[in-house]
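Enquirer: I'd like to ask some things about the structure below.
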């Protein structure tokens with residue numbers, strides 16, 4: 001068969017023309033997709049700013065479908081799902097990102113962090129822990145460890161919490177000494193519950209080493225000594241607490257007085273408590289002093305003085321108990337009236353059922369949330 005060169009010469013231009021038309025069609029289609037993708041994206045942003053979340057999600061989904069390789073759209077969509085509580089959809093978006101082989105390392109770390117947050121918000125704490133651990137050594141390392149610390153606290157895994165907090169401190173993320181001391185104190189409580197006294201002692205010692213000035217180890221050491229009948233050791237621990245943390249001493253003031261009385265050291269302890277009370281009167285110290293002072297008249301004067309300077313219902317109750325069988329004088333009656341009036345004042349308010357805004361007067365329209373008929377027609381003390 002003879003080959004006709006004329007047909008070849010005619011076919012080449014036709015093939016070129018068809019190729020050119022095909023390329024033009026692809027270029028036009030690509031330009032249209034590129035044009036539509038940002039349009040859908042910006043439309044989604046506008047809807048999001050206008051609190052139209054459902055329509056914004058539809059626009060973001062449209063943008064992702066038009067340009068599936070754009071990671072920013074995926075992040076925006078995943079974060080929006082998480083904010084709306086649609087955690088399963090957020091997880092799918094971020095897992096889809098992580099499956100992309102062409103995703104840059106920085107974007108992969110960002111997607112891993114977002115996925116960990118999805119699991120955390122969804123209450124899938126085991127999966128969240130694994131996801132956060134995968135961020136070790138990344139730019140999200142500190143954030144991930146802080147999240148892990150919160151997870152360990154939630155699950156009461158105190159040893160793991162100690163390790164994470166210690167590493168954060170070594171990495172220069174701030175001081176975690178007090179938190180570490182609290183973790184060791186929790187471990188001491190757990191050991192005591194298992195009747196493992198030696199382990200509890202060791203945990204308390206570690207707490208003291210982690211934060212030598214923390215009040216909780218001193219409080220617990222005194223409580224453990226008192227429970228074992230070692231009142232002298234208890235007083236020694238609480239004496240250190242009294243000097244270093246007088247405010248925290250209020251938590252054991254009554255126990256301190258009882259241990260001092262058991263040792264026959266009531267007079268010296270009473271003097272120390274009175275000195276502390278004069279520096280900073282509290283109802284706890286006021287309740288501890290009668291344990292070491294049997295003079296009813298002096299107790300009554302002390303309670304009256306407290307009420308005149310710091311009206312408190314517990315002090316008023318003490319005065320009523322001390323005055324049983326004897327009439328109250330005018331100063332005592334006035335102190336009681338002032339205390340009751342002060343205590344009742346916050347309860348004599350109306351509270352909005354919608355936003356909890358409180359007011360002395362009844363409102364048909366709440367000044368806080370502007371809702372109508374949201375105030376129950378009873379004051380707080382009647383509810």
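Enquirer: Given the criterion touching a helix residue (DSSP H, G or I) at 6+ places or on another chain (Cβ under 7 Å) and part of a helix (DSSP H, G or I), identify the matching residue among 130, 88, 109, 95.
Expert: Of the residues listed, the single one that is touching a helix residue (DSSP H, G or I) at 6+ places or on another chain (Cβ under 7 Å) and part of a helix (DSSP H, G or I) is 95.
Enquirer: Here is a follow-up. Within the range 199-213, is there a residue that is touching a residue at least 24 places away in the same chain (Cβ under 8 Å), outside any loop (DSSP other than H, G, I, E, B) and under 23 Å from the mean Cα position of the chain (by Cα)?
Expert: Yes: the range 199-213 contains one or more residues that are touching a residue at least 24 places away in the same chain (Cβ under 8 Å), outside any loop (DSSP other than H, G, I, E, B) and under 23 Å from the mean Cα position of the chain (by Cα).
Enquirer: Another question, if that's okay. So which helices (runs of 4 or more DSSP H) stay within the range 289-367 end to end and still have 3 or more residues that are outside the structural domain of residue 380 (by TED's automatic domain parsing), under 27 Å from residue 261 (Cβ atoms) and touching a helix residue (DSSP H, G or I) at 6+ places or on another chain (Cβ under 7 Å)?
Expert: By residue number, 296-309, 313-322.
Enquirer: Only residues that are surrounded by fewer than 21 Cβ atoms within 10 Å (Cβ to Cβ) and over 36 Å from the mean Cα position of the chain (by Cα): list them for the range 308-318, please.
Expert: Correct list: 308 only.
Enquirer: If residue 133 satisfies all but one of (1) closer than 12 Å to residue 147 by Cα; (2) crowded, with 17+ Cβ neighbours inside 10 Å; (3) without any contact (Cβ under 8 Å) to a residue 24 or more places away in the chain, what's the number of the condition it fails?
Expert: Of the numbered conditions (1) closer than 12 Å to residue 147 by Cα; (2) crowded, with 17+ Cβ neighbours inside 10 Å; (3) without any contact (Cβ under 8 Å) to a residue 24 or more places away in the chain, the odd one out for residue 133 is (2).
Enquirer: Filter the range 231-249 down to the residues that are in a helix (DSSP H, G or I) and surrounded by fewer than 18 Cβ atoms within 10 Å (Cβ to Cβ) and list them by number.
Expert: 232, 233, 236, 239, 240, 243, 244, 246, 247, 248, listed by residue number.
Enquirer: A follow-up question, please. Take the conditions surrounded by 15 or more Cβ atoms within 10 Å (Cβ to Cβ) and in a helix (DSSP H, G or I) and apply them to residue 268. Does it pass?
Expert: So residue 268 fails the test.
Enquirer: A further question follows. Within the range 88-123, can you find the residues that are under 21 Å from the mean Cα position of the chain (by Cα) and either modelled with pLDDT under 85 or farther than 21 Å from residue 138 by Cα (or both)?
Expert: The answer is 121, 122, 123.
Enquirer: Please verify whether the range 369-377 includes one or more residues that are in contact with a strand residue (DSSP E or B) (Cβ under 7 Å, 6 or more places away or on another chain), surrounded by fewer than 14 Cβ atoms within 10 Å (Cβ to Cβ) and outside the structural domain of residue 289 (by TED's automatic domain parsing).
Expert: Yes, there is a match, as at least one residue in the range 369-377 is in contact with a strand residue (DSSP E or B) (Cβ under 7 Å, 6 or more places away or on another chain), surrounded by fewer than 14 Cβ atoms within 10 Å (Cβ to Cβ) and outside the structural domain of residue 289 (by TED's automatic domain parsing).
The values are calculated or read from the model by the stated rules, or taken from the named source; none is laboratory data. In this text, all values refer to a predicted model and were calculated from it rather than measured experimentally. In this analysis, Cβ positions are derived from the backbone assuming ideal geometry, glycine residues included, and neighbour counts consider all displayed protein chains.
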